[in-house]
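In what follows, a structure is listed as structure tokens, so that the remarks can point back to it.
The values are calculated or read from the model by the stated rules, or taken from the named source; none is laboratory data. Given the structure is predicted, the values throughout are model-derived calculations rather than measurements. We place every Cβ from the backbone using ideal geometry, glycine too, and count neighbours over all the protein chains shown. Note: areas computed on protein heavy atoms with side chains; ligands, DNA, RNA excluded. Shrake-Rupley method; radii C 1.70, N 1.55, O 1.52, S 1.80 Å.
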Protein chains: 2
Amino acid sequence: LCDLSVEEYTGSMTRIAMVGAGNVGGALARLWIKAGHEVSVAVREGSSSKPIPGASTGLAKDIAAGAEIILLAVPWPAAKEALSSCGNISGKILVDCTNPVLPTLEGLEFGTTTSAAEELQQLAPQARMVKAFNTIGTPLLGNATFGSLQADGYYCGDDGEANSVVAPLIADAGLRPFDAGPLRNARYLEAMAMLWIDLAFRGGRGPTFGFRVLERPAS
Amino acid sequence: LCDLSVEEYTGSMTRIAMVGAGNVGGALARLWIKAGHEVSVAVREGSSSKPIPGASTGLAKDIAAGAEIILLAVPWPAAKEALSSCGNISGKILVDCTNPVLPTLEGLEFGTTTSAAEELQQLAPQARMVKAFNTIGTPLLGNATFGSLQADGYYCGDDGEANSVVAPLIADAGLRPFDAGPLRNARYLEAMAMLWIDLAFRGGRGPTFGFRVLERPAS
């Protein structure tokens with residue numbers, strides 16, 4: 001991982017540490033490598049887990065230290081421990097993809113007055129939190145254009161500069177970046193995700209749909 | 001109102017009692033009258049409130065008794081009393097358009113484990129509840145086509161037959177009827193509505209946008 005720390009920052013290339021490289025994290029890692037970003041994937045100590053082609057691997061705290069952006073894409077029950085494993089991430093951009101879905105998929109563990117993003121922000125108050133990639137199915141990452149329209153990649157956060165770094169990464173994943181407001185709106189994005197999950201998996205629609213805002217230009 | 005009770009049911013014409021004829025209810029009343037439905041509007045005893053052209057008026061309990069469908073479109077703080085004013089609506093279809101938004105617009109009064117629709121269903125357990133028209137702005141009712149695509153009119157409910165009566169009314173309001181699953185999913189539709197409200201009014205986007213699900217045909 002030493003090469004991460006000496007890598008020159010070259011324009012639009014971003015160093016991204018993936019904490020969680022399952023369905024969502026793995027798909028994003030591949031798309032971002034293809035788009036020219038430098039991607040590292042967290043593995044456990046002594047792990048020989050299958051690497052993603054083009055991605056380096058390392059302990060979460062090491063790859064987080066070398067990255068500009070940390071993407072948290074683990075199941076919610078593992079999120080707090082995974083975040084903790086990153087060590088001190090003050091000043092880094094943290095992209096939270098989690099949804100606090102009950103193991104039964106029957107609903108959310110909490111919401112309305114808080115959100116996964118806000119709970120995680122409390123554990124890492126100096127991280128620059130952006131909620132993103134939680135309202136779209138993995139099969140649509142890199143493949144979300146329907147006719148001439150892309151599905152939306154909703155994001156929200158209170159740090160405008162962090163938002164502006166994450167938005168192009170959403171575009172690199174084939175989605176239309178859509179600013180959904182302050183971090184507290186993660187409450188509603190996580191609820192939209194729960195609706196998506198219910199329709200896809202309990203309702204039998206399957207995971208190949210996404211939301212988009214339709215809007216006419218202001219007159 | 002006597003003519004309501006002797007009116008023959010003629011195919012797709014539906015008798016609809018509007019409880020609440022403000023922005024949402026008023027717009028829907030006009031669209032449904034135009035579409036050939038028979039619309040009545042609840043007024044208070046002794047009220048001389050401005051009628052909607054083509055709509056009859058009456059006390060909530062009287063128009064509810066003569067209707068197949070009761071549409072509840074009042075602000076959430078007035079919803080329980082308005083529902084109560086309808087009297088016994090066992091067996092009737094109740095369309096709930098409410099969102100439990102805080103007076104400050106800063107969030108929802110409750111959610112995640114319940115919803116306005118579920119709370120109201122408890123007060124009228126024999127009503128055939130359908131959640132609808134809560135995730136779209138009034139300016140889009142009758143005017144929600146963007147290019148070749150309509151915004152979605154999400155609805156959910158546990159009574160399939162009631163859903164199938166309400167879906168064409170959603171189409172008559174210029175939206176694409178979209179089945180969002182069981183009534184419990186009102187929890188998520190109400191959260192989507194809160195996101196819509198935040199973006200429209202706090203975020204400065206204005207009320208002329210709507211959500212749509214993009215999907216490719218099953219392969």
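Mean shadow of the range A:64-179, computed from the convex hull of its alpha carbons, in nm²? List each step's numbers first, then the result.
Values: hull surface 30.9 nm².
Average projection, Cα convex hull of the range A:64-179: 7.7 nm².
Rounded to the nearest 100 Å², what is the buried accessible area between A and B, both sides summed, probe 1.4 Å? Walk me through the numbers before you get to the answer.
Details: alone 10770 and 10800 Å², together 18210 Å².
Buried surface at the A/B interface: approximately 3400 Å².
To the nearest 500 deg cm²/dmol, what mean residue ellipticity at 222 nm is calculated for chain B from DSSP H runs of n ≥ 4 alone, each contributing -39,500 (n - 2.57), summed and divided by the residues? All intermediate terms of the calculation are to be shown ahead of the outcome.
On the way: 7 runs with 62 residues, N = 219.
Value at 222 nm, helices only: -8000 deg cm²/dmol.
Can you give me the angle between helix B:23-34 and the longest principal axis of chain B, using Cα atoms only, in degrees from 0 to 90, rounded to the nearest 10?
That works out to roughly 70 degrees.
Once you place label points 7 Å from the Cα toward the Cβ at residue A:123 and residue A:102, how far apart are they in nm?
About 2.2 nm separates the two model spin labels.
Please check the range B:125-166 for residues whose accessible area, probe 1.4 Å, is lower by 40 Å² or more when all protein chains are in place than in their chain alone.
So the qualifying set is B:146.
Might you tell me the accessible area per residue for the range A:31-157, computed with a 1.4 Å probe and given in Å²?
Working: 5320 Å² over 127 residues.
That works out to 42 Å² for each residue.
Can you name the residue in chain B whose Cβ lies closest to the B-to-A rotation axis, and give that gap in whole Å?
Chain B residue with minimal Cβ-axis distance: B:191, 2.
Could you work out the Kirkwood radius for the range B:137-219, taking every pair of different alpha carbons, averaging 1/r and inverting it, reported in Å? It would help to have the intermediate numbers written out before the result.
Values: mean 1/r = 0.0730 Å⁻¹.
Taking the inverse mean of 1/r over all distinct Cα pairs, the range B:137-219 comes out at 13.7 Å.
For the range B:143-204 and the range A:139-178, write down the distance between their C-alpha centroids in whole Å.
Measuring centre to centre over Cα atoms gives 23 Å.
Whenever you get a sec, compute what percent of the accessible area on the protein assembly as shown sits on carbon and sulfur atoms (1.4 Å probe).
51 percent
Can you tell me what percent of all Cα-Cα pairs in chain B are more than 25 Å apart? It would help to have the intermediate numbers written out before the result.
Details: 8344 of 23871 pairs.
In whole percent, the share of Cα-Cα pairs in chain B beyond 25 Å is 35.
Return the FRET efficiency for the residue pair residue B:145, residue A:13: r is the Cβ-Cβ distance, R0 is 56 Å, and the value is rounded to the nearest 0.05. Numbers along the way, then the final one.
Values: r = 41 Å, r/R0 = 0.74.
Computed FRET efficiency for residue B:145 and residue A:13 comes out at 0.85.
Angle between the Cα long axis of helix B:160-172 and the longest principal axis of chain B, 0 to 90 degrees, nearest 10?
Value to nearest ten degrees: 80.
What is the ratio of the Cα radius of gyration of the protein assembly as shown to 2.2 N^0.38 Å, where N is its residue count, to two decimals?
Working: Rg = 24.0 Å, N = 438, 2.2 N^0.38 = 22.2 Å.
Against the empirical 2.2 N^0.38 Å value, I get 1.08 for the protein assembly as shown.
Among the DSSP beta bridges whose two residues both lie in chain A, what percent are antiparallel, rounded to the nearest 5? Spell out each step's value before the answer.
On the way: 5 of 28 bridges.
DSSP beta bridges in chain A are roughly 20 percent antiparallel.
Just checking the output field for B:107-118: average partner chain Cβ neighbours within 10 Å of each residue's Cβ?
On the way: counts 6, 6, 2, 3, 8, 13, 6, 1, 0, 0, 0, 0.
Mean partner shielding for this stretch: 4.
Using the basic label-point model (7 angstrom from Cα toward the beta carbon), what is the residue B:45 to residue A:158 distance in nanometres?
If labels sit at residue B:45 and residue A:158, their model points lie 5.1 nm apart.
Please give the contour-minus-distance gain from residue A:84 to residue A:201: 0.36 nm per residue of separation, less the Cα-Cα distance, rounded to one decimal in nm.
Values: separation 117, 0.36 × 117 = 42.12 nm, distance 3.05 nm.
Using 0.36 nm per residue and subtracting the Cα-Cα distance, I get 39.1 nm.
Hey, for residue B:46 with labels 7 Å out along Cα-Cβ, what do the inter-copy distances come to in nm, ordered shortest first?
8.3
Compute from the Cα atoms of the range B:43-108 the Rg and the Dmax, the latter being the longest Cα-Cα distance, and quote both in angstrom.
In order Rg, Dmax, the Cα atoms of the range B:43-108 give 13.3, 38 Å.
Give the lysines reachable from residue A:131 as a straight Cα distance under 18 Å; neighbours fewer than 8 places away on the same chain don't count.
A:80, A:92
How much accessible area does residue A:215 have with a 1.4 Å probe, in Å² rounded to the nearest 10?
70 Å²
Which distances, shortest first and in nm, link residue B:22 to the matching position in the other copies, using label points set 7 Å out along Cα to C-beta?
Going from nearest to farthest copy, the values are 4.3 nm.
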